[in-house]
Amino acid sequence: MTTHIERGAEPKQAAIHGTNEVAISVIASTLTMIAVFFPLTMVTGMAGVLFEQLGWMMCVIMTVSTISALSFTPMMCAYFLKLKKKPSKMFLAFYKPIERALDNLDDWYKNRLNWAVRHRKTVFAGCVAFFVLSCLAAGSIGTEFFPSADNARIGATLKLPIGARVERAQELAAELTDKWMTRYQGVLKVCHYRVGQADSDNTFAAMQSNGSHIISFNMTLVSVEDRTISLEQVCNEMREDLKMYPELDEGQILLGGGGGGMGGQSTADFEIYGYDFNVTDRIAAELQRKLTNVEGVREVNISREDYQPEYQVDFDREKLALHGLNLSTVATYLRNRVNGALASYYREDGDEYDIKVRYAPESRTSVEDLENILIYSPVNGKGVRVKDLGKVVERSNPPTIERKDRERIVTVDAVMAAGAALSDGVAYGQEIIDNMEIPSGIAIQVAGSYEDQMESNRDLGQLAIIIIVLVFIVMAAQFESMTYPFIIMFSIPFAFSGILMALAMTGTTLNVMSMLGGIMLIGIVVKNGIVLIDYTMLCRERGMSALHSAVVAGRSRLRPVLMTTCTTILGMVPMAISQGEGAEMWRPLGVSVIGGLTVSTILTLILVPVLYCAFAGTGIKRTRKALKHQRMLNEYYQSHKDKMTKEKKH
């Protein structure tokens, strides 16, 4: 519109003509963006949970903004845009240098493009070589599911030997709390710890690991903007502190307060399947020992907890039958006398309390106490001692038996250090497993975050293919041609080249967020090609040659392309360089969009006109050949007309 006004057109006419010139390209660009984001609403799995709302939101935003751009914006321009015949001196002093610089940029780009369209093979070979070199950078990029985020929270679980007194656990917890609160004064805001065995009425605590030998910490740091030390560094220093206490059987520091997953510290999990506890414990211990020596692994934990000593009663079924008892009955008797039976309720001031009846602690703690518990026979009502029905023995068993797919498993998880990719930890672990002697009946497979990562990568890869096909279909319908969309699609590979180069240069891993940036770029980068091709077709309709049309269209559309690209890049810069809380989560998205859009725009401004001229030249040659063939047929017909036609007899 501004171009038409500068050429002397009235604002209303300029609004009409300007809108008509770009309407097709704007609609095509919008439809391509919708083709990118709408499939996000139908993705399943973890990626669907994360990005379904984003897909719907972007579809609505793009639709509303396009309607506004084709109706409201031209109306506003028709009333408010005017050509100032005598601009002010301040306007000239500020605008003239900028206009001169932009004109020089237009001329420089026109000269480069004029050379490129006349050396098409050289330009195409250079672009292919650049793409191959960028793919080599993929070897130095690690992969992970989600980047670790600094949420100012740390969790810790420490385990003393089974049977340790709660006083010793309390003393150790207080000592560590004082040490950490003193060292991280001004950094560590809150440090809570929990020690001891939870009561049987505490359902929430009963679902967690607790005992007289277990210490659980929950720490909160000040916001990341108010401290100079990172959460990862604090966790590493705490792990070194725990090594100074040899009485600790296990010490686990959890960055973010959780064990991996989205935003937590990356963990490489290895699931060991097998029925025999002894064999799986041995394999897990061996794998833990070898993973501890791997560079980039901070700590290695085994999911199976220490074996708990417990009393078990081996009943003689024949003796039970003689007294008219069965296993279910005697088990109920024992449970009621040790754990207690609900006898009644006590109500006071609207509150209700359970009344449980059980043996006193001094009558249910030793083997002799259990052996002397009376169980009454339903046959004669006489009491029979447990030792007369069976034998009380002390055994050690795991507190819980983990199962997956109806098989017993034990999980070994390796916590990765900052900067170490999850893919590297999995690769090292797989190499160790390949060199281990695995007995028959035992299977080891990678799981956890890496399994979620593979699933998300598969879903996003399929989504990318669907989006590319939809974008091609939309452009083919808009241009009513298969050639022009094919030319525009060449800008997509170089967007991926830019992503790989940006991730490699910044040391960022390839994760779900950076892959989302790549999917977004599929719709963003084709917009530049659509603008160039659309105006090139308009120049061709006005009678210009193919080479001249490509050069004129490129120079005319350079500024709009640079404006849209720069606004998108500048909008992503804060996301890419932000240091606030949660910035680690979104930084890969900003880096991938900036890198991919920058490289793709630069190469699109050169490669798309070059490919257009190449295809146009082939079409022109084909047309000329057809015309030459038609002309030869006409000449042959004219020279042999008399022989080929017969005169009519009157």
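The values are calculated or read from the model by the stated rules, or taken from the named source; none is laboratory data. Predicted, not measured: the structure shown is a model, and the values here were computed from it. Here the Cβ positions follow ideal geometry from the backbone for every residue, glycine too, while neighbour counts run over all protein chains shown. The protein model used for the area step is the full one, side chains on, heavy atoms only, and it has no ligands, DNA or RNA in it. Shrake-Rupley method; radii C 1.70, N 1.55, O 1.52, S 1.80 Å.
Exposed loop sites here mean trypsin sites (Lys or Arg not before Pro) with a DSSP loop assignment and at most 11 other beta-carbon atoms within 10 Å; the chain contains its longest site-free run at 244-381. Ignoring everything but the protein chains, give the 1.4 Å probe accessible area of C127 in square angstrom, nearest 10. Its heavy atoms expose roughly 10 Å² to the probe.
A cut-off under 14 angstrom between Cβ atoms defines the neighbours of C539, and their net charge, with Lys, Arg +1 and Asp, Glu -1, is +2. Computed extension length for K121-R194: 19.1 nm, one decimal, from 0.36 nm per residue of separation with the Cα-Cα distance subtracted. Remark: the stretch 526-650 carries 59 Å² of accessible area per residue (probe radius 1.4 Å; ligands, DNA and RNA excluded).
Compactness ratio for the stretch 292-384: Cα radius of gyration over 2.2 N^0.38 Å (N = residue count) comes to 1.72.
Each label point was placed 7 Å from the Cα along the Cα-to-Cβ direction; for M76 and Q445 their separation is 5.6 nm. For the residue pairs K12/K96; K121/K628; K179/K243; K319/K391; K319/K387; K12/K82, alpha carbon separations beyond 19 Å are given by K12/K96; K121/K628.
Which shape class applies to the stretch 468-521: rounded if a/c is under 1.5, otherwise prolate when a/b exceeds b/c and oblate if not, where a ≥ b ≥ c are the square roots of the Cα gyration tensor eigenvalues? Since a/c reaches 1.5 and a/b is larger than b/c, the shape of the stretch 468-521 is classed as prolate.
Spin-label pair A417-D103: with each label point 7 Å from Cα along the Cα-Cβ axis, the two points sit 5.9 nm from one another.
In summary, the aspartates and glutamates within cross-link reach of K404, defined as a Cα separation below 13 angstrom excluding same-chain residues under 8 places away, comprise E271.
Considering helices alone, the calculated mean residue ellipticity of the chain at 222 nm is -19500 deg cm²/dmol, with DSSP H runs of length four and up weighted by -39500 (n - 2.57) and normalised per residue.
Using the Karplus relation 6.51 cos²θ - 1.76 cosθ + 1.60 with θ = phi - 60°, the per-residue 3J(HN,Hα) values for the stretch 164-177 come to 4, 6, 5, 5, 5, 5, 5, 5, 5, 4, 5, 5, 5, 4 Hz, with x marking Gly and Pro.
Considering only L325, Q308, N339, the residue lying farthest towards the positive end of the dipole of the stretch 300-351 is L325, judged by Cα position with unit charges set on Cβ. Full extension of the chain between Q53 and A477 gives 149.8 nm of extra length, using 0.36 nm per residue less the Cα-Cα distance.
Students often get this wrong: which residues of the stretch 268-295 have the backbone nitrogen under 16 Å from the point 7 angstrom along Cα-to-C-beta of R395? Counting backbone N atoms under 16 Å from the label point, the list is 276-279. For I473, the accessible area of its heavy atoms, probed at 1.4 Å with every protein chain present, is near 100 square angstrom. Normalised by 2.2 N^0.38 Å, where N is the number of residues, the C-alpha radius of gyration of the stretch 114-203 stands at 2.39. What number comes out for the charge environment of S377, summing +1 per Lys or Arg and -1 per Asp or Glu over other residues with Cβ under 13 Å away? Summing Lys/Arg as +1 and Asp/Glu as -1 gives +2.
Apolar share of the accessible surface for the chain: 57 percent from carbon plus sulfur atoms, 1.4 Å probe. Counting Cα-Cα pairs of the stretch 19-126 in 5 Å increments starting at 0 gives whole-percent bin shares of 2, 9, 10, 9, 9, 14, 14, 13, 11, 6, 2, 1, 0. Semi-axes of the equivalent ellipsoid of the stretch 577-631 are 49, 8, 4 Å, computed as sqrt(5λ) over the eigenvalues of the C-alpha gyration tensor in descending order.
Count the net charge of all other residues whose Cβ sits under 12 Å from the Cβ of R458, scoring Lys and Arg as +1 and Asp and Glu as -1. Local charge sum for R458: -4. Checking the a/c ratio against 1.5 first, then a/b against b/c, what shape does the Cα gyration tensor give for the stretch 462-559? Note, shape of the stretch 462-559 comes out oblate.
In terms of its C-alpha gyration tensor, the stretch 1-65 comes out prolate, because a/c is 1.5 or above and the ratio a/b outweighs b/c. What FRET efficiency, computed as 1/(1 + (r/R0)^6) with R0 = 60 Å and r the Cβ-Cβ distance, is obtained for K387 and L248, rounded to the nearest 0.05? For R0 = 60 Å, the calculated efficiency reads 0.95. In this rough spin-label picture, where each label sits 7 Å from Cα along the Cβ direction, the Y346-Q13 distance is 9.8 nm. For A129 and K628, a Förster radius of 30 Å and the Cβ-Cβ distance give a FRET efficiency of 0.20, rounded to the nearest 0.05.
Extension gain for K641 to T365 (0.36 nm times residue separation, less C-alpha to C-alpha distance): 87.1 nm. Angle of helix 583-639 to the longest C-alpha principal axis of the chain, folded into 0 to 90 degrees and rounded to 10: 40°.
Enumerate the whole-percent occupancy of each 10 Å bin, from 0 to the last occupied one, for all C-alpha pair distances of the stretch 213-369. With a bin width of 10 Å, the distribution comes to 7, 21, 21, 19, 21, 9, 1, 0. Surface exposure of the stretch 94-169, expressed per residue as accessible area with a 1.4 Å probe, stands at 57 Å².
For the chain, averaging the sequence separation of C-alpha pairs within contact (under 8 Å, six or more residues apart) and dividing by the residue count gives a relative contact order of 20 percent.
Rg over Rh for the stretch 551-605 works out to 1.13, both radii taken from alpha-carbon positions and Rh defined as the Kirkwood radius. The angle between the Cα long axis of helix 89-116 and the longest principal axis of the Cα atoms of the chain comes to about 90 degrees, rounded to the nearest 10. For the stretch 53-203, the Kirkwood hydrodynamic radius from C-alpha pairs, put into Stokes-Einstein at 20 °C and a viscosity of 1.002 mPa s, yields a diffusion coefficient of 83 µm² per second.
Label reach from E237 (point 7 Å along Cα→C-beta): in the stretch 281-307, amide nitrogens under 20 Å belong to 298-299. Between the amide H of Y376 and those of V384, distances stay under 5 Å, these residues lying 5 or more places away or on another chain, with hydrogens modeled in the peptide plane. The alpha carbons of the chain give a radius of gyration and a Dmax of 37.4, 140 Å, in that order. Shown is the FRET efficiency for F486 and D316, computed with R0 = 56 Å from the Cβ-Cβ distance and rounded to the nearest 0.05: 0.10.
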